[in-house]
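Bear in mind these aren't lab numbers, they're just calculated from the coordinates by the rules spelled out. Fair warning: this is a prediction, and the values are worked out from it, not measured in the lab. For neighbour counting, all protein chains shown are included, and Cβ atoms are generated from backbone atoms with ideal geometry for every residue, glycine included.
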Amino acid sequence: MLVYIDESGYRQNWIFVAVKILDEKNARLCVKKWRQYVSSVSSKLNINEYRDSKTPDRQRRIILNEIASRSYMFWVLHFFNYKSHKQDYSKAITQLLMEVDLSDVNLIVLDKVERSWKHMEKHIETIRRGLSYPQSIKWGDSEQEKGIQVADAICGAAAKKYNNFSSASYFEIIEHLCQGYKKY
């Protein structure tokens, strides 16, 4: 079992999502279904990854329906007064992971939020120290890690809902899979 983590921020209100996916292949198939839809409506598909902020509503509904059909469980942390990745990222991820049952998890994959791999490794060490038992944690590039793209879709919907954006969130499509929402 894998846990993929993504974040979405608006001013100082940030949403963090952890999503459990059986394996990387399962995440790849989910994103593939979305890509098949996009290629069926556009002959010029040059999209390497799902990015919620750049995705039209119709496509957002497609991937959220695919996520719902696969029953990916997820957790949401709403972090208020988020200052920066350097100051608050490790704290937010640790708080989020404390809500997730990690007993069946083999690997946690974080979205790369820092330019430097050294800074990402520092975040990982801080997160490991904050958890009650050691976990395998790595960071990945969202273009390569399809699970991060799935987490991005969920995170985008949650951010629109919990930050009360005027645009449609479509969170209701996946809301039944939410295992917890916590404010921090």
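One table, with the values for the structure above:
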item	result
Expected 222 nm ellipticity per residue - DSSP helices of 4 or more, -39500 (n - 2.57), all of the chain, to 500	-14000 deg cm²/dmol
Rounded FRET efficiency, nearest 0.05, which uses the C-beta distance separating Lys32 from Gln135 and R0 of 25 Å	0.35
Nearest 10 degrees, 0 to 90: helix 146-162 Cα axis against the chain principal axis	90 degrees
0 to 90° range, to nearest 10: angle between helix 85-99 axis and the chain longest Cα axis	80 degrees
Volume in Å³ per residue [convex hull over Cα atoms, computed for the chain]	110 Å³
In Hz, Karplus ³J(HN,Hα) per residue of the range 52-66 (6.51, -1.76, 1.60; θ = phi - 60°; x = Gly, Pro)	4, 5, 10, 9, x, 3, 4, 5, 4, 4, 4, 5, 5, 5, 5
Degrees, to the nearest 10: 117-130 long Cα axis against longest axis of the chain	60 degrees
Relative contact order (percent, whole number), the chain, Cα cutoff 8 Å, 6+ residue spacing	36 percent
30 Å Cα-Cα reach of Lys33 towards lysines, excluding residues that sit fewer than 8 places from it in its own chain	Lys20, Lys25, Lys44, Lys54, Lys112, Lys138, Lys146, Lys160, Lys161
Approximate spin-label separation Phe165-Cys178, in nm, with each point projected 7 Å along Cα-to-Cβ	1.5 nm
Neighbour cut-off at most 14 other Cβ (10 Å), DSSP loop, chymotrypsin sites (Phe, Trp or Tyr not before Pro), the range 57-89	Phe80
Residue exposure sequence - Tyr170, Tyr184, Tyr4 - by fewest surrounding Cβ within 10 Å	Tyr184, Tyr170, Tyr4
Segment Ser103-Ser71, length gained on full extension (0.36 nm per residue, minus Cα span)	9.7 nm
Pairwise centroid distance, computed over Cα atoms, of the range 1-64 with the range 82-110, Å	20 Å
Under-5 Å amide H pairs with Tyr10, H placed in peptide plane, nonlocal only	Ile15
